Amino acid sequence: MQLNEGYLQKIPTMLEFFFLFYIILQPFLDLVSYFGTSISTLVRAIVIVIGFVYLLSYPKKKIKWITIIYILLLGVFMTLHILNNYMVKAPYHLMQELTYAVKSAYVVEMLIVYALLFISISKKWDWQRIVQRNIFINMLVIGVVMLLATLTGTGKLSYNTYENWTNLPTEGHSGWFYSANDLGAIFAIGFTGMIIYMMNQKSTKLKWFLIPLLLLIIWAMLEVGTKVGLGAAILVLAIGAIISFVYAIIKRETWTNLFIAIIGLVFVFAYLPYSPVGKNINISYYKEVEKESIDPINEIEEPNEIEQPEFEFDTEDLPKRLLSGRDRFLANVKEDWNEAPVSQKLFGLGPGGNYQESIKIIEIDYFDWYYSYGLLGSILLFLPLFYFAFKILHSLIRFKFKQTSPTLLMVGVSVCLSLGIAGFAGHILLNPASGIYFAIFYAYLLKLSAYPEKEYRF
């Protein structure tokens, strides 16, 4: 009996180790998906169960029962959602709709699990260093895979599945990963963690040693060919440079972090016109000028009349390029929503609306959640996100922003970037591969702001 009780007391600690280690597994799960196996889906489904067990074993009873009741309510809703659409929709692809429901529930549960995990382990381990290191390792693994795929010419094309009416270019590849959109979102979120890890190193020599790895990841982000990676690289490096500059002056800290950010930005803009993403959005630094034929006898070309290279940024059809055809999917789902019965307005249309043939989601996560899960489902799914946002802002104001640090600011950038991508390009809230990075950083921000401690910061 005593042996059993001792073993049960170790379960929470064992699960905490598991979820910290689980972070490192992410790129390998994504690689497995590329080769057409369902192992990653099975593993993530099992992790949902493990997460529920962790919540059941959580020591603080009030928090434990609130989260358990919420997860159970979400489970009951998803069941009713599936049953309602099974009876209403025709055609109805059960396994695909069930998969999307599980994906959405997975992201929400991981957000709750990692929030409670960070609060629980903060006094036992150097949790920030562990999380930052694990994210850094993930980005490095993905970067190396992208490099190998490029050198061997085996990368999966980023845009080969899009329909011709979108008029999208086809430059870029996602390496040995299944989806360019998913990979772009992972890069955008995880890149912030990589920057935080590098800038938090105490050794200046180590920071300079890590710069080639930073450039590898930036190269990989641009190689994918999506706008998300490019925008994230510029935004994260620019904000990192500003924060480093301010703290170097105010706190009289090292200028090395600023130099690292500047080197990254210079590399982005230097490689951009030659990169797949630069070609996809028509960016070039030089414009070829057609020269008229000159009669060598009658005309003499003066040196000051030679046309100089010009900067060219093609903004033609910019709104359409930004939406990448998502406006058409949104219009289709809106039409289905207007014609849907009351039960579907309450419990949702399911992914892709009342489709005729195959499921095509909007790829704007907020709309996908709203139309897919209806009024009741939207309230349940968005509730943790809104609660965390309220808790973070309330805590910052309550403590008069005293817990603010460069790490907190950069983690906040990652969260805001994630939320922006969710509304701009999707593949966050309905996608476990990238959604877990959002969950980790959102939980990270909650811990730093609402439960402050002595900061590990650059």
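Checking the structure you have, find out if any residue of region 64-86 is of a type in the set (D, E, K, R) and without any contact (Cβ under 8 Å) to a residue 60 or more places away in the chain.
Yes; the residues of region 64-86 include at least one that is of a type in the set (D, E, K, R) and without any contact (Cβ under 8 Å) to a residue 60 or more places away in the chain.
Could you please let me know if Lys360 is surrounded by fewer than 21 Cβ atoms within 10 Å (Cβ to Cβ), charged (D, E, K, R), without any contact (Cβ under 8 Å) to a residue 60 or more places away in the chain and farther than 19 Å from Tyr178 by Cα?
Here the answer is no, as Lys360 does not meet what is asked.
Do we find a residue being in contact (Cβ under 8 Å) with a residue 60 or more places away in the chain, crowded, with 24+ Cβ neighbours inside 10 Å and within 24 Å of Ser414 (Cα to Cα) anywhere in region 207-216?
Within region 207-216, not a single residue is in contact (Cβ under 8 Å) with a residue 60 or more places away in the chain, crowded, with 24+ Cβ neighbours inside 10 Å and within 24 Å of Ser414 (Cα to Cα).
Within region 249-274, restricting attention to residues that are out of contact with any Phe, Trp or Tyr (no Cβ under 9 Å at 6 or more places or on another chain) and among the charged types (D, E, K, R), which residue is modelled with the highest pLDDT?
Ranking the candidates gives Lys251 first.
What do you reckon, is Leu381 closer than 22 Å to Met95 by Cα, modelled with pLDDT of 95 or more, touching a helix residue (DSSP H, G or I) at 6+ places or on another chain (Cβ under 8 Å) and in a helix (DSSP H, G or I)?
Here the answer is yes, as Leu381 does meet what is asked.
Can you confirm whether Val107 is touching a Gly at 6+ places or on another chain (Cβ under 8 Å) and either among the aliphatic types (A, V, I, L, M) or farther than 30 Å from Ala450 by Cα (or both)?
For Val107, the condition - touching a Gly at 6+ places or on another chain (Cβ under 8 Å) and either among the aliphatic types (A, V, I, L, M) or farther than 30 Å from Ala450 by Cα (or both) - is met.
Taking Lys287, is it in a loop (DSSP other than H, G, I, E, B) and either at pLDDT below 50 or surrounded by 10 or more Cβ atoms within 10 Å (Cβ to Cβ) (or both)?
Yes: the conditions hold for Lys287.
Return the residues of region 48-75 that are closer than 14 Å to Phe18 by Cβ and part of a helix (DSSP H, G or I); say none if nothing qualifies.
Once the filter is applied, which keeps residues that are closer than 14 Å to Phe18 by Cβ and part of a helix (DSSP H, G or I), region 48-75 yields Ile48, Val49, Ile50, Gly51, Phe52, Val53, Tyr54, Leu55.
Conditions first: (1) closer than 27 Å to Met194 by Cβ; (2) surrounded by 14 or more Cβ atoms within 10 Å (Cβ to Cβ). Lys123 passes all but one, so which condition is the exception?
For Lys123, the exception is condition (2).
Which count do you get for residues in region 126-161 that are without any contact (Cβ under 8 Å) to a residue 12 or more places away in the chain, outside any helix (DSSP H, G or I) and more than 20 Å from Ala433 (Cα to Cα)?
2
Filter region 5-57 down to residues that are surrounded by 12 or more Cβ atoms within 10 Å (Cβ to Cβ) and acidic (Asp, Glu) and give me whichever is farthest from Ile112 (Cα to Cα).
In this case the residue turns out to be Asp30.
Scan region 84-141 residue by residue and report those that are of a type in the set (S, T, N, Q) and farther than 25 Å from Phe21 by Cα.
Listed by number, the residues that qualify are Asn84, Asn85, Gln96.
Which of the residues spanning region 418-458 are over 14 Å from Ala389 (Cα atoms), in a helix (DSSP H, G or I), in contact (Cβ under 8 Å) with a residue 60 or more places away in the chain and not hydroxyl-bearing (Ser, Thr, Tyr)?
Answer for region 418-458, where residues must be over 14 Å from Ala389 (Cα atoms), in a helix (DSSP H, G or I), in contact (Cβ under 8 Å) with a residue 60 or more places away in the chain and not hydroxyl-bearing (Ser, Thr, Tyr): Ile421, Phe424, Pro432, Ala433, Gly435, Ile436, Ile440.
Could you please give the count of residues in region 84-104 that are modelled with pLDDT of 90 or more and outside any helix (DSSP H, G or I)?
Going through region 84-104 one residue at a time, the tally reaches 0.
The values are calculated or read from the model by the stated rules, or taken from the named source; none is laboratory data. Just so it is clear, the structure is predicted and the values come from calculations on it, not from any experiment. All Cβ positions, glycine included, derive from the backbone under ideal geometry; neighbour counts span all protein chains shown.
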